[in-house]
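Remarks on the structure that follows.
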Number of protein chains: 2
Amino acid sequence: MMLVTASPATADLASQLRIGVTRLARRLRLEGDASVTPTLLVALATIERHGPMTAGELAAHEQVRKPTVTRLIGALLERGMIERTSDPLDGRVTWVQLSPEGRRFLQRVRRRKDEYLSGRLRRLTPGELDTLERASALLERLTEDDR
Amino acid sequence: MMLVTASPATADLASQLRIGVTRLARRLRLEGDASVTPTLLVALATIERHGPMTAGELAAHEQVRKPTVTRLIGALLERGMIERTSDPLDGRVTWVQLSPEGRRFLQRVRRRKDEYLSGRLRRLTPGELDTLERASALLERLTEDDR
DNA sequence: TATTGTTATACTCTATAACTATA
DNA sequence: TATAGTTATAGAGTATAACAATA
């Protein structure tokens with residue numbers, strides 16, 4: 001390993017991690033229920049975890065811009081996964097929450113999670129799974145408190 | 001942790017990992033040198049690591065379809081990062097390799113890698129960095145021998 | 001016929017800028 | 001004026017299907 005920059009260890013790791021994450025994200029985009037992409041699935045799971053939330057809150061949680069959230073909400077509405085209501089006190093505010101269909105869908109998806117990624121994870125040793133488990137938490141922390 | 005499916009540990013982990021990877025990939029797509037996106041950068045690094053390779057080999061390594069590689073190669077050519085030649089023995093085959101400019105660019109990018117991701121990695125402890133380092137290797141293995 | 005790569009087309013995800021509606 | 005969200009537009013990344021060139 002060449003050590004030439006100020007922080008070689010993290011620079012090297014950044015490169016390696018970027019490659020791994022980019023590739024896996026691309027694969028994930030192709031797998032799973034074709035009707036709901038990984039992006040929509042993550043948004044739906046956020047709405048489930050958080051409970052009823054405004055479009056702006058969803059944007060903040062997903063770390064995307066408001067127009068993107070408009071599209072996400074539209075796509076989830078089209079699929080009947082969420083319900084949208086206006087705030088009775090502030091007409092500018094839109095609330096979204098899981099629909100019963102969305103809840104069932106998430107359960108179904110989770111039951112089917114033993115697909116691409118889980119199948120691949122099963123090839124790993126318990127120690128490797130442990131590494132990935134701790135790494136997932138770190139990945140989430142890496143994207144927190146952003147912008 | 002709820003244990004209800006056939007392989008609960010991996011199913012849970014799959015979900016967690018998918019969320020982390022999807023979010024970080026989205027962030028990475030927005031960072032870095034605006035002239036070369038993470039996708040192009042990964043492709044360029046593959047060409048560097050591998051040395052001269054055919055378009056088909058690049059598709060296999062990047063795990064994308066041939067039309068996608070056509071576009072990747074076009075984008076890298078436009079930016080002067082690679083050179084393209086025809087195989088003298090088999091006219092169907094296209095070879096690509098790093099140009100001097102591409103090589104300099106990669107060096108420059110690496111020197112500048114102490115940006116978004118590296119900066120965030122520095123907030124982690126040595127133990128956490130070690131976890132991520134082992135995890136990056138695992139992420140690459142997860143997308144190997146596919147399709 | 002089979003293989004390598006390109007072209008045509010379409011979809012997803014994202015952004016910025018400009019806008020509407022409401023406060 | 002300021003804020004929440006939408007519309008318009010554009011660009012990156014990917015795919016499948018159909019094609020051209022070569023073997």
With (1) touching a helix residue (DSSP H, G or I) at 6+ places or on another chain (Cβ under 7 Å); (2) assigned to a strand (DSSP E or B) as the list, and A:GLY80 as the residue in question, which single condition is left unmet?
-> (2)
Residue list for region A:91-119, filter: of a type in the set (Lys, Arg) and either more than 16 Å from DNA strand D (Cβ to nearest atom) or closer than 18 Å to A:VAL42 by Cβ (or both) = A:ARG103, A:ARG104, A:ARG108, A:ARG110, A:ARG111, A:ARG112, A:LYS113
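Here's the yes/no breakdown for (1) out of contact with any helix residue (DSSP H, G or I) (no Cβ under 8 Å at 6 or more places or on another chain); (2) facing chain A (nearest Cβ under 8 Å); (3) outside any loop (DSSP other than H, G, I, E, B):
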{"residue": "B:GLN97", "(1), (2), (3)": "no, no, yes"}
{"residue": "B:ARG103", "(1), (2), (3)": "no, no, yes"}
{"residue": "B:ARG120", "(1), (2), (3)": "no, yes, yes"}
{"residue": "B:LEU124", "(1), (2), (3)": "no, yes, no"}
{"residue": "B:GLY127", "(1), (2), (3)": "yes, no, yes"}
{"residue": "B:ALA135", "(1), (2), (3)": "no, yes, yes"}
{"residue": "B:GLU140", "(1), (2), (3)": "no, yes, yes"}
So which residues in region B:20-44 are in a helix (DSSP H, G or I), more than 7 Å from chain A (Cβ to nearest Cβ) and touching a residue at least 60 places away in the same chain (Cβ under 8 Å)?
-> B:LEU41, B:LEU44
Answer yes or no: is there a residue in region A:32-51 that is crowded, with 16+ Cβ neighbours inside 10 Å, more than 18 Å from the chain's Cα centre (by Cα) and closer than 27 Å to B:THR37 by Cα.
-> no
Qualifying positions in region A:73-90 - within 12 Å of DNA strand D (Cβ to nearest atom), surrounded by fewer than 16 Cβ atoms within 10 Å (Cβ to Cβ) and closer than 16 Å to A:THR39 by Cα = A:GLY74, A:LEU77
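None of the figures in this text is laboratory data; all of them are computed from the coordinates on show. The model shown is predicted, which means the values in this text are computed figures rather than measured ones. Positions of Cβ are generated from backbone atoms using ideal geometry, with glycine treated the same way; all protein chains shown enter the neighbour counts.
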